[in-house]
Amino acid sequence: MGKTADRIDSELQIIAALQRGLNLATAALLLTGQITIIGVFVTPGGFRPSLAGPLTGDTRLEGINGNQAATTLIDVIDIGLAILLIADQIRVTGSFIGSARFTINVSGPIFGVPKPVPTLPSIRRESAFFQKVVSRHFNVDPEVFRQGMPFHKGSDK
């Protein structure tokens, strides 16, 4: 392999490691009760459980009127999701950001949604879009992104 191919492979390995770390951190938050399932997004051909809790600015989901059976069922679902995250059967697929809170969405083939597999062109495109939006809406100088951003087209890092 050439230098460019080695660099691309290295960058994809870093992205895979970040994704794995995100999945394991999410599993740990589920197992410690910091986040819990709060809903499900249904999409064509599959679904995505949505997770939130005090850590994300929401309340922890529990059984109505202290219903222990419902709370136990929620805990079992959380443990199941954590196991699937640890086993890499599902992955963090995104986040929904709302006013003063956010949710973490997870899914995978077991729920009818393909595993997200990052590719360098898509990451570069999404990074450029993110930089453009942040620069425009949050008054951040675009030059800030050109210094040390590994996925920027002009970067040789």
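Every residue in region 7-40 that is open to solvent by 30 Å² or more (accessible area, probe 1.4 Å), of a type in the set (S, T, N, Q) and at pLDDT 90 or above, please.
Across region 7-40, the qualifying residues are T32, Q34.
Going by what's in this entry, would Q19 be described as touching a Lys or Arg at 6+ places or on another chain (Cβ under 9 Å) and part of a loop (DSSP other than H, G, I, E, B)?
no
Go through region 68-83 and give me each residue that's touching a strand residue (DSSP E or B) at 6+ places or on another chain (Cβ under 8 Å) and of a type in the set (A, V, I, L, M, F, W, C).
I74, I77, L81
For region 46-59, how many residues meet the condition of being open to solvent by less than 70 Å² (accessible area, probe 1.4 Å), over 16 Å from the mean Cα position of the chain (by Cα) and not acidic (D, E)? I'd like the intermediate steps shown before the answer.
Start the filter on region 46-59 by keeping residues that are open to solvent by less than 70 Å² (accessible area, probe 1.4 Å), which leaves 46, 48-53, 56-58.
Those still in the list that are over 16 Å from the mean Cα position of the chain (by Cα) too: 46, 57-58.
From what's left, not acidic (D, E): 46, 57.
So the answer is 2.
So which residues in region 95-109 are open to solvent by 30 Å² or more (accessible area, probe 1.4 Å) and either among the hydrophobic types (A, V, I, L, M, F, W, C) or closer than 21 Å to A28 by Cα (or both)?
S95, F96, I97, A100, R101, F102
Looking only at region 95-106, filter to residues that are out of contact with any Phe, Trp or Tyr (no Cβ under 7 Å at 6 or more places or on another chain) and in contact (Cβ under 8 Å) with a residue 40 or more places away in the chain; which one of those is farthest from T36 (Cα to Cα)?
Going through the qualifying residues, I end up with A100.
Taking region 22-42 as the search range and keeping residues that are in a strand (DSSP E or B) and β-branched (V, I, T), which one is farthest from G53 (Cα to Cα)?
V42
Rundown of residues vs (1) in contact with a Pro (Cβ under 7 Å, 6 or more places away or on another chain); (2) modelled with pLDDT of 70 or more; (3) surrounded by 12 or more Cβ atoms within 10 Å (Cβ to Cβ); (4) within 25 Å of N23 (Cα to Cα), yes/no style:
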| site | (1), (2), (3), (4) |
| --- | --- |
| G112 | no, yes, yes, yes |
| K115 | yes, yes, yes, yes |
| L120 | no, no, yes, yes |
| E126 | no, yes, yes, yes |
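Run down R60, R48 and say which single residue is farther than 21 Å from P116 by Cα and among the charged types (D, E, K, R).
R60
The values are calculated or read from the model by the stated rules, or taken from the named source; none is laboratory data. What you see is a predicted model; the values in this text were computed from it and never measured. Virtual Cβ from ideal backbone geometry, glycine too; neighbours counted across all protein chains shown. All accessible areas refer to the heavy atoms of the entire protein, side chains included, with ligands and DNA or RNA removed. Shrake-Rupley method; radii C 1.70, N 1.55, O 1.52, S 1.80 Å.
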